[in-house]
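Reviewing the structure listed below.
The values are calculated or read from the model by the stated rules, or taken from the named source; none is laboratory data. Since this is a predicted model, take the numbers as computed values, not measurements. Please note: Cβ atoms are built from the backbone with ideal geometry, for glycine as well, and neighbour counts cover all protein chains shown.
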(Lines give C-alpha, C1' and ligand atoms only; values in the text may rest on other atoms or scores of the structure.)
Protein backbone atom coordinates (compact mmCIF):
# COMPACT_ATOMS: atom_id res chain seq x y z
CA UNK A 1 0.00 0.00 0.00
CA UNK A 2 1.25 3.48 -0.86
CA UNK A 3 0.84 6.19 1.76
CA UNK A 4 -1.20 9.27 0.97
CA UNK A 5 -2.33 11.83 0.33
CA UNK A 6 -0.20 12.40 -2.77
CA UNK A 7 -0.75 13.33 -6.40
CA UNK A 8 -3.16 11.14 -8.33
CA UNK A 9 -0.69 10.57 -11.19
CA UNK A 10 1.86 9.00 -8.84
CA UNK A 11 -0.22 5.93 -8.10
CA UNK A 12 0.57 2.74 -10.00
CA UNK A 13 -2.51 1.09 -11.51
CA UNK A 14 -3.05 -1.90 -13.83
CA UNK A 15 -3.42 -0.90 -16.59
CA UNK A 16 -1.95 2.55 -16.12
CA UNK A 17 -4.65 5.02 -17.32
CA UNK A 18 -4.30 6.95 -20.51
CA UNK A 19 -4.54 10.46 -19.03
CA UNK A 20 -4.36 11.75 -15.47
CA UNK A 21 -4.80 15.43 -14.62
CA UNK A 22 -3.62 16.59 -11.21
CA UNK A 23 -6.17 18.28 -9.04
CA UNK A 24 -6.07 21.09 -6.53
CA UNK A 25 -3.79 19.35 -4.04
CA UNK A 26 -6.70 18.67 -1.68
CA UNK A 27 -8.26 15.33 -0.77
CA UNK A 28 -11.49 14.19 -2.33
CA UNK A 29 -14.65 13.31 -0.44
CA UNK A 30 -16.10 9.79 -0.49
CA UNK A 31 -19.55 10.64 -1.85
CA UNK A 32 -19.93 8.92 -5.24
CA UNK A 33 -22.01 10.19 -8.17
CA UNK A 34 -22.39 8.32 -11.45
CA UNK A 35 -23.66 9.60 -14.77
CA UNK A 36 -23.84 8.52 -18.41
CA UNK A 37 -22.04 10.70 -20.97
CA UNK A 38 -22.86 9.82 -24.57
CA UNK A 39 -20.11 12.09 -25.88
CA UNK A 40 -17.43 9.71 -24.58
CA UNK A 41 -16.02 6.90 -26.81
CA UNK A 42 -17.22 3.32 -26.30
CA UNK A 43 -15.85 1.65 -23.12
CA UNK A 44 -14.42 4.95 -21.93
CA UNK A 45 -14.87 6.73 -18.62
CA UNK A 46 -13.97 9.85 -16.73
CA UNK A 47 -13.22 9.65 -13.02
CA UNK A 48 -13.15 13.03 -11.27
CA UNK A 49 -12.10 13.15 -7.60
CA UNK A 50 -13.04 16.49 -6.00
CA UNK A 51 -13.31 17.98 -2.51
CA UNK A 52 -17.09 17.54 -2.70
CA UNK A 53 -17.02 13.91 -3.90
CA UNK A 54 -16.20 11.49 -6.71
CA UNK A 55 -17.93 11.67 -10.08
CA UNK A 56 -17.82 8.70 -12.46
CA UNK A 57 -18.97 9.39 -16.02
CA UNK A 58 -19.06 6.63 -18.60
CA UNK A 59 -20.04 6.10 -22.21
CA UNK A 60 -21.75 2.77 -21.50
CA UNK A 61 -22.07 0.01 -18.91
CA UNK A 62 -18.61 -1.33 -19.74
CA UNK A 63 -17.07 2.11 -19.22
CA UNK A 64 -18.84 2.42 -15.86
CA UNK A 65 -17.42 -0.95 -14.85
CA UNK A 66 -13.89 0.09 -15.83
CA UNK A 67 -14.25 3.32 -13.87
CA UNK A 68 -15.28 1.28 -10.83
CA UNK A 69 -12.27 -1.02 -11.29
CA UNK A 70 -9.91 1.97 -11.46
CA UNK A 71 -11.46 3.35 -8.30
CA UNK A 72 -11.04 -0.03 -6.61
CA UNK A 73 -7.34 -0.06 -7.48
CA UNK A 74 -6.87 3.51 -6.30
CA UNK A 75 -8.34 2.64 -2.94
CA UNK A 76 -6.13 -0.45 -2.75
CA UNK A 77 -2.90 1.51 -3.17
CA UNK A 78 -3.87 4.68 -1.31
CA UNK A 79 -3.46 4.64 2.46
CA UNK A 80 -5.89 7.40 3.34
CA UNK A 81 -8.16 9.80 1.41
CA UNK A 82 -7.78 9.92 -2.36
CA UNK A 83 -6.10 13.05 -3.72
CA UNK A 84 -8.07 15.23 -6.10
CA UNK A 85 -7.61 14.84 -9.84
CA UNK A 86 -9.23 13.53 -13.01
CA UNK A 87 -8.66 10.34 -15.00
CA UNK A 88 -9.78 10.20 -18.64
CA UNK A 89 -9.43 6.74 -20.08
CA UNK A 90 -10.37 4.56 -23.05
CA UNK A 91 -8.84 1.47 -24.74
CA UNK A 92 -6.56 1.17 -27.74
CA UNK A 93 -8.11 -2.18 -28.69
CA UNK A 94 -11.87 -2.71 -28.39
CA UNK A 95 -11.28 -6.42 -27.71
CA UNK A 96 -8.68 -7.36 -25.08
CA UNK A 97 -8.55 -11.04 -24.35
CA UNK A 98 -6.73 -13.91 -22.70
CA UNK A 99 -6.66 -17.47 -24.02
CA UNK A 100 -5.98 -20.31 -21.60
CA UNK A 101 -4.84 -23.69 -22.93
CA UNK A 102 -7.02 -26.37 -21.31
CA UNK A 103 -6.02 -29.16 -23.70
CA UNK A 104 -2.41 -29.86 -22.73
CA UNK A 105 -3.14 -31.91 -19.61
CA UNK A 106 -4.20 -29.04 -17.32
CA UNK A 107 -7.92 -28.21 -17.00
CA UNK A 108 -8.51 -25.59 -14.27
CA UNK A 109 -11.08 -26.13 -11.55
CA UNK A 110 -14.14 -23.91 -11.70
CA UNK A 111 -13.03 -21.89 -8.67
CA UNK A 112 -9.72 -21.22 -10.44
CA UNK A 113 -11.53 -19.95 -13.51
CA UNK A 114 -13.81 -17.77 -11.39
CA UNK A 115 -10.82 -16.22 -9.63
CA UNK A 116 -9.04 -15.53 -12.89
CA UNK A 117 -12.13 -13.94 -14.46
CA UNK A 118 -12.45 -11.63 -11.46
CA UNK A 119 -8.82 -10.62 -11.83
CA UNK A 120 -8.96 -10.23 -15.61
CA UNK A 121 -12.09 -8.11 -15.34
CA UNK A 122 -10.41 -5.75 -12.89
CA UNK A 123 -7.55 -5.33 -15.38
CA UNK A 124 -10.11 -4.39 -18.07
CA UNK A 125 -9.81 -7.65 -20.00
CA UNK A 126 -13.09 -8.24 -21.84
CA UNK A 127 -12.65 -11.63 -23.54
CA UNK A 128 -11.72 -15.12 -22.37
CA UNK A 129 -11.15 -18.20 -24.52
CA UNK A 130 -10.44 -21.75 -23.33
CA UNK A 131 -8.40 -23.46 -26.02
CA UNK A 132 -10.03 -26.83 -26.59
CA UNK A 133 -9.04 -29.91 -28.54
CA UNK A 134 -10.66 -32.75 -26.56
CA UNK A 135 -11.62 -31.26 -23.18
CA UNK A 136 -15.33 -30.65 -23.68
CA UNK A 137 -17.64 -33.52 -22.71
CA UNK A 138 -19.24 -34.20 -26.10
CA UNK A 139 -22.16 -36.58 -25.54
CA UNK A 140 -21.30 -39.10 -28.25
CA UNK A 141 -17.51 -39.04 -27.93
CA UNK A 142 -16.71 -40.18 -24.43
CA UNK A 143 -13.56 -42.09 -25.38
CA UNK A 144 -11.96 -38.81 -26.48
CA UNK A 145 -12.28 -37.00 -23.15
CA UNK A 146 -12.94 -39.65 -20.49
CA UNK A 147 -9.52 -39.29 -18.82
CA UNK A 148 -9.31 -35.51 -19.13
CA UNK A 149 -11.77 -34.14 -16.51
CA UNK A 150 -13.34 -31.99 -19.25
CA UNK A 151 -15.53 -28.92 -19.12
CA UNK A 152 -19.21 -29.89 -19.18
CA UNK A 153 -22.04 -28.01 -20.86
CA UNK A 154 -23.39 -27.01 -17.45
CA UNK A 155 -20.01 -25.65 -16.37
CA UNK A 156 -19.64 -23.66 -19.57
CA UNK A 157 -23.06 -22.06 -19.03
CA UNK A 158 -22.19 -21.27 -15.41
CA UNK A 159 -18.87 -19.72 -16.43
CA UNK A 160 -20.54 -17.80 -19.25
CA UNK A 161 -22.99 -16.20 -16.80
CA UNK A 162 -20.15 -15.39 -14.40
CA UNK A 163 -18.16 -13.75 -17.19
CA UNK A 164 -21.05 -11.68 -18.54
CA UNK A 165 -21.68 -10.21 -15.10
CA UNK A 166 -18.09 -8.92 -15.21
CA UNK A 167 -18.13 -7.60 -18.79
CA UNK A 168 -16.04 -10.50 -20.08
CA UNK A 169 -17.15 -12.34 -23.21
CA UNK A 170 -16.54 -16.08 -22.97
CA UNK A 171 -15.81 -17.14 -26.56
CA UNK A 172 -16.05 -20.80 -27.63
CA UNK A 173 -12.76 -22.21 -28.87
CA UNK A 174 -12.57 -25.62 -30.57
CA UNK A 175 -9.80 -26.63 -32.95
CA UNK A 176 -11.50 -28.04 -36.05
CA UNK A 177 -8.72 -29.10 -38.44
CA UNK A 178 -5.22 -29.62 -37.05
CA UNK A 179 -4.17 -30.48 -33.48
CA UNK A 180 -6.75 -33.26 -33.30
CA UNK A 181 -4.45 -36.13 -32.34
CA UNK A 182 -6.51 -36.59 -29.16
CA UNK A 183 -9.39 -37.61 -31.43
CA UNK A 184 -7.64 -39.27 -34.33
CA UNK A 185 -5.52 -41.70 -32.31
CA UNK A 186 -8.69 -43.56 -31.28
CA UNK A 187 -9.70 -46.40 -33.64
CA UNK A 188 -13.17 -44.91 -34.16
CA UNK A 189 -11.75 -41.73 -35.72
CA UNK A 190 -8.42 -42.82 -37.19
CA UNK A 191 -9.88 -43.30 -40.65
CA UNK A 192 -10.67 -39.56 -40.69
CA UNK A 193 -7.00 -38.63 -40.34
CA UNK A 194 -4.88 -37.12 -43.08
CA UNK A 195 -1.97 -39.30 -41.92
CA UNK A 196 -3.32 -42.20 -39.82
CA UNK A 197 0.14 -43.72 -39.32
CA UNK A 198 2.04 -40.56 -38.46
CA UNK A 199 3.56 -37.51 -40.07
CA UNK A 200 6.68 -35.39 -40.30
CA UNK A 201 6.68 -31.97 -38.63
CA UNK A 202 9.53 -29.57 -37.89
CA UNK A 203 12.09 -32.03 -39.18
CA UNK A 204 11.08 -35.11 -37.21
CA UNK A 205 8.67 -38.00 -37.62
CA UNK A 206 5.75 -38.25 -35.21
CA UNK A 207 3.99 -41.59 -35.02
CA UNK A 208 0.50 -40.20 -34.55
CA UNK A 209 -1.98 -38.33 -36.75
CA UNK A 210 -2.55 -34.60 -36.46
CA UNK A 211 -5.14 -33.20 -38.89
CA UNK A 212 -8.46 -34.22 -40.32
CA UNK A 213 -8.51 -35.35 -43.94
CA UNK A 214 -10.22 -32.32 -45.55
CA UNK A 215 -11.36 -34.38 -48.57
CA UNK A 216 -13.41 -36.85 -46.52
CA UNK A 217 -17.04 -35.64 -46.13
CA UNK A 218 -17.13 -37.30 -42.71
CA UNK A 219 -14.53 -34.79 -41.46
CA UNK A 220 -16.81 -31.79 -41.90
CA UNK A 221 -19.68 -33.85 -40.49
CA UNK A 222 -17.67 -34.39 -37.30
CA UNK A 223 -16.89 -30.67 -37.07
CA UNK A 224 -20.57 -29.86 -37.59
CA UNK A 225 -21.53 -32.19 -34.77
CA UNK A 226 -18.96 -30.65 -32.42
CA UNK A 227 -20.00 -27.07 -33.11
CA UNK A 228 -23.72 -27.88 -32.91
CA UNK A 229 -23.28 -29.25 -29.41
CA UNK A 230 -20.69 -26.77 -28.14
CA UNK A 231 -21.90 -23.37 -29.33
CA UNK A 232 -25.36 -23.22 -27.73
CA UNK A 233 -23.70 -23.15 -24.28
CA UNK A 234 -22.17 -19.71 -25.01
CA UNK A 235 -23.93 -16.37 -25.25
CA UNK A 236 -21.07 -15.06 -27.45
CA UNK A 237 -21.78 -14.71 -31.15
CA UNK A 238 -18.11 -15.45 -31.96
CA UNK A 239 -16.26 -18.75 -32.24
CA UNK A 240 -12.57 -19.58 -32.60
CA UNK A 241 -12.28 -22.64 -34.87
CA UNK A 242 -8.47 -22.85 -34.67
CA UNK A 243 -7.20 -24.44 -37.92
CA UNK A 244 -3.55 -23.64 -37.15
CA UNK A 245 -0.48 -25.79 -37.76
CA UNK A 246 -2.05 -28.31 -40.15
CA UNK A 247 1.49 -29.66 -40.48
CA UNK A 248 0.58 -32.99 -42.09
CA UNK A 249 -1.71 -31.57 -44.77
CA UNK A 250 -0.60 -32.97 -48.14
CA UNK A 251 1.48 -35.77 -46.58
CA UNK A 252 -1.26 -38.38 -46.72
CA UNK A 253 -4.72 -38.74 -48.13
CA UNK A 254 -4.89 -35.25 -49.64
CA UNK A 255 -1.43 -35.47 -51.22
CA UNK A 256 -2.53 -35.88 -54.82
CA UNK A 257 -5.16 -33.14 -54.55
CA UNK A 258 -2.65 -30.78 -52.91
CA UNK A 259 -0.25 -31.47 -55.80
CA UNK A 260 -3.03 -30.87 -58.32
CA UNK A 261 -4.57 -27.61 -57.04
CA UNK A 262 -2.15 -26.54 -54.31
CA UNK A 263 -2.00 -27.11 -50.56
CA UNK A 264 -3.29 -23.60 -49.85
CA UNK A 265 -6.39 -24.19 -51.96
CA UNK A 266 -7.16 -27.49 -50.21
CA UNK A 267 -6.76 -25.76 -46.84
CA UNK A 268 -8.96 -22.81 -47.82
CA UNK A 269 -11.71 -25.02 -49.22
CA UNK A 270 -12.02 -26.84 -45.89
CA UNK A 271 -11.82 -23.59 -43.90
CA UNK A 272 -14.70 -22.20 -45.97
CA UNK A 273 -16.77 -25.28 -45.17
CA UNK A 274 -16.18 -24.59 -41.46
CA UNK A 275 -17.10 -20.96 -42.08
CA UNK A 276 -20.47 -22.05 -43.51
CA UNK A 277 -21.12 -24.10 -40.38
CA UNK A 278 -20.45 -21.11 -38.15
CA UNK A 279 -22.72 -18.88 -40.23
CA UNK A 280 -25.59 -21.36 -39.88
CA UNK A 281 -25.09 -21.10 -36.12
CA UNK A 282 -25.18 -17.31 -36.31
CA UNK A 283 -21.54 -16.91 -35.27
CA UNK A 284 -18.54 -14.95 -36.52
CA UNK A 285 -15.63 -17.26 -37.32
CA UNK A 286 -12.21 -16.50 -35.86
CA UNK A 287 -9.28 -18.62 -37.07
CA UNK A 288 -5.51 -18.73 -36.60
CA UNK A 289 -3.90 -16.97 -39.56
CA UNK A 290 -0.59 -18.83 -39.85
CA UNK A 291 -1.50 -21.21 -42.69
CA UNK A 292 -3.22 -18.69 -44.95
CA UNK A 293 -0.23 -16.35 -44.53
CA UNK A 294 1.82 -18.95 -46.43
CA UNK A 295 -0.60 -18.43 -49.33
CA UNK A 296 -1.16 -14.65 -49.35
CA UNK A 297 -2.74 -14.79 -52.81
CA UNK A 298 -5.73 -16.55 -51.20
CA UNK A 299 -6.38 -14.06 -48.40
CA UNK A 300 -8.68 -12.01 -50.65
CA UNK A 301 -10.97 -15.05 -51.03
CA UNK A 302 -11.75 -15.19 -47.32
CA UNK A 303 -15.18 -13.85 -46.29
CA UNK A 304 -14.97 -10.27 -45.07
CA UNK A 305 -16.73 -11.15 -41.84
CA UNK A 306 -14.20 -13.79 -40.81
CA UNK A 307 -11.49 -12.68 -38.34
CA UNK A 308 -7.85 -13.76 -38.68
CA UNK A 309 -5.73 -14.25 -35.56
CA UNK A 310 -2.12 -13.21 -36.15
CA UNK A 311 0.03 -15.11 -33.67
CA UNK A 312 3.71 -15.33 -32.83
CA UNK A 313 5.58 -15.80 -29.56
CA UNK A 314 9.10 -14.47 -30.01
CA UNK A 315 10.09 -10.88 -29.26
CA UNK A 316 11.14 -10.32 -32.88
CA UNK A 317 8.14 -12.00 -34.49
CA UNK A 318 7.29 -10.25 -37.80
CA UNK A 319 3.96 -8.83 -36.67
CA UNK A 320 4.57 -5.85 -38.95
CA UNK A 321 4.73 -8.00 -42.09
CA UNK A 322 1.87 -10.28 -41.13
CA UNK A 323 -0.46 -7.52 -39.94
CA UNK A 324 0.25 -5.61 -43.16
CA UNK A 325 -0.85 -8.62 -45.25
CA UNK A 326 -4.26 -8.79 -43.60
CA UNK A 327 -4.66 -5.00 -43.43
CA UNK A 328 -4.00 -4.76 -47.18
CA UNK A 329 -6.75 -7.29 -47.87
CA UNK A 330 -9.28 -5.53 -45.68
CA UNK A 331 -9.81 -8.66 -43.60
CA UNK A 332 -10.36 -7.92 -39.88
CA UNK A 333 -7.68 -9.39 -37.62
CA UNK A 334 -6.44 -9.60 -34.03
CA UNK A 335 -2.85 -9.76 -32.78
CA UNK A 336 -2.02 -12.65 -30.45
CA UNK A 337 1.27 -12.68 -28.52
CA UNK A 338 1.95 -14.97 -25.55
CA UNK A 339 2.96 -15.11 -21.91
CA UNK A 340 6.22 -16.96 -22.80
CA UNK A 341 5.69 -19.15 -19.72
CA UNK A 342 5.27 -22.54 -21.39
CA UNK A 343 8.36 -24.73 -21.94
CA UNK A 344 10.20 -22.48 -19.50
CA UNK A 345 9.48 -23.52 -15.85
CA UNK A 346 9.91 -19.94 -14.57
CA UNK A 347 9.03 -17.78 -17.58
CA UNK A 348 10.98 -15.77 -20.15
CA UNK A 349 10.51 -12.18 -19.03
CA UNK A 350 12.55 -10.33 -21.64
CA UNK A 351 10.98 -12.28 -24.48
CA UNK A 352 7.48 -11.83 -23.05
CA UNK A 353 7.84 -8.06 -22.74
CA UNK A 354 9.27 -7.73 -26.24
CA UNK A 355 6.68 -10.04 -27.79
CA UNK A 356 3.68 -8.29 -26.22
CA UNK A 357 5.00 -4.80 -26.95
CA UNK A 358 5.72 -5.78 -30.57
CA UNK A 359 2.19 -7.15 -31.04
CA UNK A 360 0.54 -4.11 -29.45
CA UNK A 361 2.50 -1.52 -31.42
CA UNK A 362 1.97 -3.24 -34.77
CA UNK A 363 -1.64 -4.01 -33.92
CA UNK A 364 -2.26 -0.29 -33.48
CA UNK A 365 -0.20 0.61 -36.54
CA UNK A 366 -2.25 -1.69 -38.79
CA UNK A 367 -5.63 -1.19 -37.07
CA UNK A 368 -6.09 -4.62 -35.51
CA UNK A 369 -9.51 -4.99 -33.96
CA UNK A 370 -8.39 -7.03 -30.99
CA UNK A 371 -5.55 -8.31 -28.86
CA UNK A 372 -5.40 -11.75 -27.21
CA UNK A 373 -2.64 -12.84 -24.84
CA UNK A 374 -2.20 -16.60 -25.14
CA UNK A 375 -0.98 -18.98 -22.44
CA UNK A 376 -0.10 -22.39 -23.83
CA UNK A 377 0.69 -25.65 -22.05
CA UNK A 378 3.00 -27.48 -24.43
CA UNK A 379 4.73 -30.63 -23.19
CA UNK A 380 2.77 -31.26 -20.04
CA UNK A 381 1.90 -27.73 -18.92
CA UNK A 382 4.62 -27.58 -16.27
CA UNK A 383 4.54 -23.85 -15.59
CA UNK A 384 2.54 -22.69 -12.58
CA UNK A 385 0.21 -19.71 -12.46
CA UNK A 386 2.60 -17.11 -10.94
CA UNK A 387 4.85 -17.41 -14.01
CA UNK A 388 1.94 -16.70 -16.36
CA UNK A 389 0.68 -13.74 -14.33
CA UNK A 390 3.34 -11.30 -15.68
CA UNK A 391 2.23 -12.03 -19.25
CA UNK A 392 -1.45 -11.72 -18.36
CA UNK A 393 -0.87 -8.39 -16.64
CA UNK A 394 1.44 -7.02 -19.33
CA UNK A 395 -1.01 -8.03 -22.05
CA UNK A 396 -3.85 -6.34 -20.17
CA UNK A 397 -1.83 -3.15 -19.76
CA UNK A 398 -0.48 -2.92 -23.30
CA UNK A 399 -3.79 -3.78 -24.95
CA UNK A 400 -5.53 -1.05 -22.97
CA UNK A 401 -3.08 1.74 -23.72
CA UNK A 402 0.36 1.19 -25.21
CA UNK A 403 1.51 4.76 -24.66
CA UNK A 404 0.90 4.91 -20.91
CA UNK A 405 2.04 1.34 -20.22
CA UNK A 406 5.01 0.88 -22.56
CA UNK A 407 7.49 1.90 -19.86
CA UNK A 408 5.39 1.02 -16.83
CA UNK A 409 7.04 -0.47 -13.76
CA UNK A 410 5.57 -3.95 -14.13
CA UNK A 411 7.13 -5.18 -10.89
CA UNK A 412 5.21 -2.53 -8.95
CA UNK A 413 2.03 -3.26 -10.89
CA UNK A 414 2.36 -6.96 -10.10
CA UNK A 415 2.95 -6.35 -6.40
CA UNK A 416 0.05 -3.91 -6.09
CA UNK A 417 -2.65 -5.59 -8.16
CA UNK A 418 -1.65 -9.21 -8.77
CA UNK A 419 0.38 -10.64 -5.90
CA UNK A 420 -0.75 -7.96 -3.40
CA UNK A 421 2.69 -8.02 -1.80
CA UNK A 422 3.01 -5.17 0.68
CA UNK A 423 6.74 -5.87 1.02
CA UNK A 424 7.18 -5.16 -2.72
CA UNK A 425 9.25 -8.29 -3.30
CA UNK A 426 7.30 -10.84 -5.34
CA UNK A 427 6.78 -8.86 -8.54
CA UNK A 428 10.46 -8.12 -9.04
CA UNK A 429 11.42 -11.65 -7.97
CA UNK A 430 9.13 -13.37 -10.45
CA UNK A 431 10.32 -11.11 -13.26
CA UNK A 432 13.94 -11.83 -12.27
CA UNK A 433 13.27 -15.57 -12.29
CA UNK A 434 11.94 -15.14 -15.80
CA UNK A 435 15.29 -13.69 -16.87
CA UNK A 436 17.65 -16.38 -15.53
CA UNK A 437 17.38 -18.26 -18.83
CA UNK A 438 19.29 -15.41 -20.48
CA UNK A 439 22.51 -16.61 -18.77
CA UNK A 440 22.51 -19.60 -21.13
CA UNK A 441 24.55 -19.13 -24.29
CA UNK A 442 22.40 -21.74 -26.04
CA UNK A 443 18.87 -20.43 -26.63
CA UNK A 444 15.87 -21.89 -28.43
CA UNK A 445 12.57 -20.54 -29.67
CA UNK A 446 9.31 -21.15 -27.86
CA UNK A 447 10.94 -22.09 -24.57
CA UNK A 448 14.20 -22.24 -22.68
CA UNK A 449 16.72 -24.98 -22.11
CA UNK A 450 15.95 -24.79 -18.38
CA UNK A 451 12.77 -26.69 -19.20
CA UNK A 452 14.52 -29.26 -21.36
CA UNK A 453 17.26 -29.80 -18.78
CA UNK A 454 14.53 -31.23 -16.57
CA UNK A 455 12.24 -32.88 -19.10
CA UNK A 456 14.42 -33.80 -22.05
CA UNK A 457 15.88 -37.23 -22.74
CA UNK A 458 18.78 -35.77 -24.74
CA UNK A 459 20.41 -34.28 -21.66
CA UNK A 460 23.94 -35.09 -22.85
CA UNK A 461 23.43 -33.05 -26.02
CA UNK A 462 22.02 -30.12 -24.05
CA UNK A 463 24.78 -30.32 -21.46
CA UNK A 464 27.43 -30.16 -24.17
CA UNK A 465 26.06 -26.76 -25.19
CA UNK A 466 26.15 -25.41 -21.63
CA UNK A 467 29.12 -24.46 -19.51
CA UNK A 468 29.52 -25.21 -15.82
CA UNK A 469 29.84 -21.49 -15.12
CA UNK A 470 26.46 -20.84 -16.77
CA UNK A 471 24.79 -23.51 -14.68
CA UNK A 472 26.43 -22.30 -11.48
CA UNK A 473 25.40 -18.73 -12.27
CA UNK A 474 21.80 -19.75 -12.73
CA UNK A 475 21.77 -21.79 -9.53
CA UNK A 476 23.27 -18.87 -7.60
CA UNK A 477 20.58 -16.58 -9.02
CA UNK A 478 17.85 -19.04 -8.04
CA UNK A 479 19.16 -19.20 -4.47
CA UNK A 480 19.43 -15.42 -4.22
CA UNK A 481 15.90 -14.84 -5.51
CA UNK A 482 14.57 -17.57 -3.24
CA UNK A 483 16.13 -15.78 -0.27
CA UNK A 484 14.53 -12.49 -1.34
CA UNK A 485 11.12 -14.12 -1.56
CA UNK A 486 11.26 -15.02 2.12
CA UNK A 487 10.63 -11.33 2.82
CA UNK A 488 7.38 -11.25 0.83
CA UNK A 489 4.08 -10.33 2.48
CA UNK A 490 1.44 -11.49 0.02
CA UNK A 491 -2.07 -10.38 0.98
CA UNK A 492 -4.14 -12.91 -0.95
CA UNK A 493 -6.22 -15.75 0.44
CA UNK A 494 -4.08 -18.13 -1.65
CA UNK A 495 -0.77 -16.60 -0.55
CA UNK A 496 0.61 -19.94 0.65
CA UNK A 497 -0.23 -21.51 -2.69
CA UNK A 498 1.41 -18.67 -4.64
CA UNK A 499 4.55 -19.17 -2.58
CA UNK A 500 4.45 -22.95 -3.14
CA UNK A 501 4.00 -22.51 -6.89
CA UNK A 502 6.96 -20.14 -7.13
CA UNK A 503 9.08 -22.41 -4.93
CA UNK A 504 8.22 -25.38 -7.16
CA UNK A 505 9.34 -23.46 -10.26
CA UNK A 506 12.65 -22.64 -8.58
CA UNK A 507 13.10 -26.25 -7.47
CA UNK A 508 12.35 -27.59 -10.95
CA UNK A 509 14.81 -25.16 -12.57
CA UNK A 510 17.50 -26.04 -10.01
CA UNK A 511 16.92 -29.76 -10.49
CA UNK A 512 17.26 -29.34 -14.24
CA UNK A 513 20.55 -27.47 -13.80
CA UNK A 514 21.90 -30.20 -11.54
CA UNK A 515 20.92 -32.78 -14.13
CA UNK A 516 22.64 -30.79 -16.88
CA UNK A 517 25.74 -30.55 -14.68
CA UNK A 518 25.91 -34.35 -14.54
CA UNK A 519 24.76 -34.85 -10.96
CA UNK A 520 23.22 -38.28 -10.46
CA UNK A 521 19.43 -38.30 -10.36
CA UNK A 522 18.17 -40.43 -7.45
CA UNK A 523 14.78 -42.10 -7.17
CA UNK A 524 14.21 -40.25 -3.90
CA UNK A 525 14.75 -36.89 -5.62
CA UNK A 526 12.38 -37.81 -8.44
CA UNK A 527 9.70 -39.08 -6.08
CA UNK A 528 9.82 -35.88 -4.04
CA UNK A 529 9.64 -33.72 -7.17
CA UNK A 530 6.69 -35.66 -8.59
CA UNK A 531 4.87 -35.43 -5.25
CA UNK A 532 5.46 -31.67 -5.07
CA UNK A 533 4.32 -31.15 -8.65
CA UNK A 534 1.18 -33.20 -8.05
CA UNK A 535 0.26 -31.34 -4.86
CA UNK A 536 0.67 -27.96 -6.54
CA UNK A 537 -1.25 -29.15 -9.61
CA UNK A 538 -4.29 -30.36 -7.65
CA UNK A 539 -4.79 -27.11 -5.77
CA UNK A 540 -5.99 -25.20 -8.87
CA UNK A 541 -6.55 -27.90 -11.47
CA UNK A 542 -8.52 -31.08 -12.06
CA UNK A 543 -6.86 -34.44 -11.60
CA UNK A 544 -7.34 -35.53 -15.20
CA UNK A 545 -4.11 -35.06 -17.13
CA UNK A 546 -1.91 -34.85 -14.04
CA UNK A 547 -0.44 -38.33 -14.37
CA UNK A 548 0.13 -37.82 -18.09
CA UNK A 549 1.97 -34.57 -17.38
CA UNK A 550 4.30 -36.31 -14.93
CA UNK A 551 4.94 -39.27 -17.25
CA UNK A 552 8.47 -38.21 -18.39
CA UNK A 553 9.56 -38.13 -14.74
CA UNK A 554 7.77 -41.38 -13.91
CA UNK A 555 9.49 -43.01 -16.87
CA UNK A 556 12.88 -42.01 -15.51
CA UNK A 557 11.87 -43.18 -12.05
CA UNK A 558 10.97 -46.61 -13.46
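Things worth noting here:
- Residue within the range 350-361 that is touching a helix residue (DSSP H, G or I) at 6+ places or on another chain (Cβ under 9 Å), part of a loop (DSSP other than H, G, I, E, B) and surrounded by fewer than 17 Cβ atoms within 10 Å (Cβ to Cβ) present: no
- The range 261-283: number of residues that are out of contact with any helix residue (DSSP H, G or I) (no Cβ under 8 Å at 6 or more places or on another chain), farther than 14 Å from residue 220 by Cβ and buried (at least 17 other Cβ atoms within 10 Å of the Cβ): 1
- Count of the range 393-414 residues which are part of a helix (DSSP H, G or I) and under 10 Å from residue 14 (Cβ atoms): 10
- Residue 442 meets each of the listed conditions (1) part of a loop (DSSP other than H, G, I, E, B); (2) more than 18 Å from residue 502 (Cα to Cα); (3) touching a strand residue (DSSP E or B) at 6+ places or on another chain (Cβ under 9 Å) apart from (3).
- Residue 507 vs. criteria surrounded by 14 or more Cβ atoms within 10 Å (Cβ to Cβ) and either touching a helix residue (DSSP H, G or I) at 6+ places or on another chain (Cβ under 8 Å) or in the same structural domain as residue 438 (by TED's automatic domain parsing) (or both): yes
- Note on the range 157-227: enclosed strands (runs of 3 or more DSSP E) holding 1 or more residues that are in contact (Cβ under 8 Å) with a residue 60 or more places away in the chain and touching a strand residue (DSSP E or B) at 6+ places or on another chain (Cβ under 9 Å) are 169-171.
- Look at (1) part of a loop (DSSP other than H, G, I, E, B); (2) closer than 26 Å to residue 550 by Cα and you find that residue 503 fails only one, number (1).
- Here the condition is being touching a strand residue (DSSP E or B) at 6+ places or on another chain (Cβ under 6 Å) and assigned to a helix (DSSP H, G or I); of 63, 97, 85, it holds for 63 alone.
- Number of positions in the range 243-269 that are assigned to a loop (DSSP other than H, G, I, E, B), within 28 Å of the chain's Cα centre (by Cα) and closer than 17 Å to residue 301 by Cβ: 1
- Hey, residue 384 surrounded by 24 or more Cβ atoms within 10 Å (Cβ to Cβ) and either assigned by TED's automatic domain parsing to the domain that holds residue 498 or over 11 Å from residue 313 (Cβ atoms) (or both) or not: yes
- Meets criteria (modelled with pLDDT of 95 or more, more than 15 Å from the chain's Cα centre (by Cα) and in the same structural domain as residue 333 (by TED's automatic domain parsing)) for residue 101: no
- Residue, surrounded by the most Cβ atoms within 10 Å (Cβ to Cβ), within the range 31-50, restricted to residues that are touching a residue at least 40 places away in the same chain (Cβ under 8 Å) and assigned to a loop (DSSP other than H, G, I, E, B): 43
- Taking the numbered list (1) within 30 Å of residue 548 (Cβ to Cβ); (2) out of contact with any strand residue (DSSP E or B) (no Cβ under 7 Å at 6 or more places or on another chain) in turn, residue 92 passes all entries but (1).
- Taken residue by residue, the range 284-293 has no member that is surrounded by fewer than 23 Cβ atoms within 10 Å (Cβ to Cβ) and over 24 Å from the mean Cα position of the chain (by Cα).
Listed here are the residues, each with its yes/no results for (1) within 23 Å of residue 494 (Cβ to Cβ); (2) touching a residue at least 40 places away in the same chain (Cβ under 8 Å).
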| residue | (1), (2) |
| --- | --- |
| 318 | no, no |
| 332 | no, no |
| 373 | yes, yes |
| 397 | yes, yes |
| 411 | yes, no |
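- Within the set 112, 70, the sole residue that is touching a residue at least 12 places away in the same chain (Cβ under 8 Å), in a helix (DSSP H, G or I) and assigned by TED's automatic domain parsing to the domain that holds residue 150 turns out to be 112.
- Search result, residues across the range 51-67 that are modelled with pLDDT of 95 or more, more than 14 Å from residue 124 (Cβ to Cβ) and surrounded by fewer than 20 Cβ atoms within 10 Å (Cβ to Cβ): 55
- Selection status of residue 206, modelled with pLDDT under 95 and touching a helix residue (DSSP H, G or I) at 6+ places or on another chain (Cβ under 9 Å): yes
- Considering (1) in contact (Cβ under 8 Å) with a residue 40 or more places away in the chain; (2) touching a strand residue (DSSP E or B) at 6+ places or on another chain (Cβ under 9 Å); (3) closer than 25 Å to residue 413 by Cβ, the lone condition that residue 541 does not fulfil carries the number (3).
- Residue selected from the range 117-156 under the condition surrounded by 18 or more Cβ atoms within 10 Å (Cβ to Cβ) and free of Cβ contacts under 8 Å to residues at least 40 places away in the same chain, by the criterion nearest to residue 542 (Cα to Cα): 135
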